[in-house]
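These notes concern the structure reproduced below.
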Amino acid sequence: MKILLWAKRLLLAGIALLLLLQCWLFGWVLWWNRENPDVTRFMAIRLEELRRQQPEAELHRQWVPYERISLHLKRAIIAAEDARFVDHEGFDWDGIQQAIEKNQKKGRVVAGGSTISQQLAKNLFLTPARTPWRKAEEAVITLMLEAVWSKQRILEVYLNVIEWGNGVFGAEAAARHYYGVAAARLSPEQAARLAGMVPNPRFYDRNRNAPGLARKTAIILARMPSAELP
């Protein structure tokens, strides 16, 4: 009986801790709806990795408001990452099904099906590890973001916090790192190229003339006119 009692207590304690964690996360979601995130979980992880090799390393990032980010880049990101962004409520079920079918056909993971909202949830709070727990937590945070933030706010924060190279985070830092211009002045081709880098930014930072990136850029350019902005 004592064992069952302790098991019950441990279970209740675990549930309580889980609920406290969700409340803590939701508190940050509410706060960041009005205040801009300073350092995300992904940024902290990358900075720690960089400082193992170079103790004085710093991240390159500069927040810019939604209005000061090129329309071309907004369209390119939606065209490349989440064509149904303005219509779904955090999850693109058709996209997930297509990704599953593509992965089964290839016999390995080549597509994820994650929406911009899901990617943002992961970048803000989680780690790159692909575990069932992380995916479950990502889904919960995605629901929080979609419930509290506007689509414009989600896209604004996403464009300011995602990784775009070795220690390079956000649209402004990426535009200056690759092209020497402000994010507001990116051309359609430059925007499409940056969007093509998102799935593997550090690789493309080292291999800027990779043939695959040129093909992706052309595909994204063709899709950009039909991309719907929030």
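Can you pull out every residue in the stretch 36-60 that is in a helix (DSSP H, G or I) and open to solvent by less than 40 Å² (accessible area, probe 1.4 Å)? Give the derivation first.
Here is the first cut: in the stretch 36-60, the residues in a helix (DSSP H, G or I) are 41-53.
PHE42, MET43, ILE45, ARG46, LEU47, LEU50, listed by residue number.
For the stretch 205-219, a residue qualifies if it is in contact with a helix residue (DSSP H, G or I) (Cβ under 9 Å, 6 or more places away or on another chain) and within 24 Å of GLY167 (Cβ to Cβ), and the qualifying residues are ASP205, ASN207, ARG208, ALA210, GLY212, LEU213, LYS216, THR217. Pairs are defined by a Cβ separation below 8 Å, a sequence spacing of at least 6 or placement on different chains, a first member in the stretch 163-185 that is open to solvent by less than 10 Å² (accessible area, probe 1.4 Å), and a second member that is acidic (Asp, Glu); the pairs so defined are TRP164/ASP205; GLY165/ASP205; GLY167/GLU58; VAL168/ASP205; PHE169/GLU163; ALA183/GLU172. Within the stretch 186-203, if we keep just the residues that are within 29 Å of TRP28 (Cβ to Cβ) and touching a residue at least 60 places away in the same chain (Cβ under 8 Å), the residue that is surrounded by the fewest Cβ atoms within 10 Å (Cβ to Cβ) turns out to be VAL198. Within the stretch 204-218, the set of residues being in a helix (DSSP H, G or I) and loosely packed, with under 15 Cβ neighbours inside 10 Å comprises ARG206, PRO211, GLY212, ALA214, ARG215, ALA218. Got a number for residues in the stretch 19-32 being at pLDDT 95 or above and surrounded by fewer than 14 Cβ atoms within 10 Å (Cβ to Cβ)? Of the residues in that region, 2 qualify.
The values are calculated or read from the model by the stated rules, or taken from the named source; none is laboratory data. These numbers were taken from a predicted model, which means no experiment stands behind them. Ideal geometry is used to build each Cβ from the backbone, glycine not excepted, and the neighbour counts take in all protein chains shown. Keep in mind that these areas ignore ligands, DNA and RNA; they rest on the heavy atoms of the full protein, side chains included. Shrake-Rupley method; radii C 1.70, N 1.55, O 1.52, S 1.80 Å.
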